[in-house]
Amino acid sequence: MIQDLQKEVLELKEQLSDSDKHLGEEYARKLVHTEVAAMKARDELGFRAGILKVPFGLYNESRDIDSARIGVMLPQGFYSENIREMTNDLLGISTYGALDLSTVGTLSYCLLYGGNDADSDGEIAMSFSTTGLMDEDSITEVRIDDVLAGALTWQTPLEGMNLNLNYQTGQLEINGTRTIEYPAGSGNTITPSARVRDNSFSNIALGFEYTWENLVIASEYRAARIRYHYTIYSGDTTLYDQQMDEIKPTGWYILASYRFTDWFATEVSYSEYWTDQNDKKGETLNASSVPMGLYGYQNTLSLNARFDINDYWIIKAGVNFNEGFGTGYSFQQDEELKKDWTLYQLKTSVSF
């Protein structure tokens with residue numbers, strides 16, 4: 001059945017008009033790996049099922065399509081790579097549509113429900129091992145369940161102005177091990193099981209995008225809440241059990257891009273991200289047993305250039321000037337981290 005549905009998607013790709021060829025073919029290829037069933041009776045109501053892109057922010061559903069943006073990466077203050085497994089795609093079902101509001105524009109909506117098994121060595125797992133809650137390379141399961149994501153996009157009467165509102169909520173469970181001294185003060189160590197459970201997370205975001213001829217200006221803000229229960233146990237014996245304090249990851253960005261010619265475009269963006277809105281400089285993390293203050297925030301100024309060599313070949317170059325490592329849990333603790341650091345990027349994409 002799935003093979004038949006994928007065949008239908010490939011046939012849809014062949015039916016794309018020549019004007020849609022460059023962007024459309026790339027999107028159709030992504031669709032083969034995500035959407036496996038779709039039905040749309042009218043503009044106001046449609047349904048999808050399969051591994052679906054999560055409607056979050058202006059650009060999350062197109063973030064895997066390199067030709068859809070100027071920059072090498074999306075602004076990390078909002079589209080953080082360390083939570084991409086929760087916000088990129090999910091196995092589930094969704095309903096979507098567009099409502100014609102006559103003189104006040106068009107309102108598009110999408111509602112998705114689903115879940116996902118994330119990589120046991122991915123960014124989510126890395127964030128828990130880096131913070132010391134789990135032993136490094138010990139995580140065996142990262143499960144994302146009961147995710148409900150909704151999006152509203154208002155194409156306003158002002159030509160080129162779109163407003164966006166998103167909400168996402170779900171559950172996260174992580175299983176691994178944690179080496180501890182037991183009994184405390186004995187000098188003996190054991191490696192019992194560790195679990196993060198009852199981990200509820202929510203995200204709310206709002207933003208706008210304004211397009212005027214070759215100029216695009218966009219900005220988004222998101223605020224999240226994360227609550228979880230942390231348990232260390234051996235068999236039926238609980239060694240440690242605590243409801244952890246709620247944290248509030250928060251971020252925003254502003255972006256401007258301009259296409260000078262058919263083959264050259266530039267983009268500049270500035271973003272800020274805080275691991276916890278109530279601890280913007282990571283002072284709580286810095287006071288913990290692991291020196292992690294720099295993981296509490298990240299400010300990034302990003303400059304990008306895009307060169308369209310032809311209809312199928314793109315080259316991008318970028319430089320990010322950063323302060324802090326709030327979105328960089330994959331940096332190992334034994335590395336010497338400096339507050340200010342620079343990331344240089346060069347990327348090429350070929351579409352067939």
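The values are calculated or read from the model by the stated rules, or taken from the named source; none is laboratory data. From a predicted model like this one, the values you see are computed outputs, not experimental measurements. Positions of Cβ are backbone-derived with ideal geometry, glycine not excepted, and every protein chain shown enters the neighbour counts. Remember, those area values only see protein heavy atoms, side chains included, never the ligands or the DNA or RNA. Shrake-Rupley method; radii C 1.70, N 1.55, O 1.52, S 1.80 Å.
A compact table of results
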{"quantity": "Carbon/sulfur fraction of accessible area - the range 98-169, other protein chains in place, 1.4 Å, %", "calculated": "55 percent"}
{"quantity": "Residue-normalised accessible area of the range 189-310, given per residue in Å² at a 1.4 Å probe", "calculated": "51 Å²"}
{"quantity": "Paramagnetic reach from N214 (point 7 Å along Cα→Cβ, amide N under 16 Å) across the range 232-273", "calculated": "256-268"}
{"quantity": "Environment charge of A218, counting only residues whose C-beta is closer than 12 Å and scoring Lys/Arg +1, Asp/Glu -1", "calculated": "-2"}
{"quantity": "Relative contact order of the range 226-327, defined on C-alpha pairs under 8 angstrom at six or more residues apart (%)", "calculated": "21 percent"}
{"quantity": "Extension gain, T156 back to V350 (0.36 nm per residue minus Cα-Cα distance, nm)", "calculated": "66.4 nm"}
{"quantity": "Normalised convex hull volume, the range 172-325, alpha-carbon set, Å³ per residue", "calculated": "167 Å³"}
{"quantity": "Euclidean distance between Cα centres, the range 142-193 to the range 63-88, Å", "calculated": "17 Å"}
{"quantity": "Efficiency of FRET between S202 and N310 - r from beta-carbon atoms, R0 45 angstrom, step 0.05", "calculated": "0.55"}
{"quantity": "Linear extension gain, L303 paired with D64, 0.36 nm per residue minus alpha-carbon span", "calculated": "84.1 nm"}
{"quantity": "In Å², nearest 10: area of M161 left accessible to a 1.4 Å probe", "calculated": "40 Å²"}
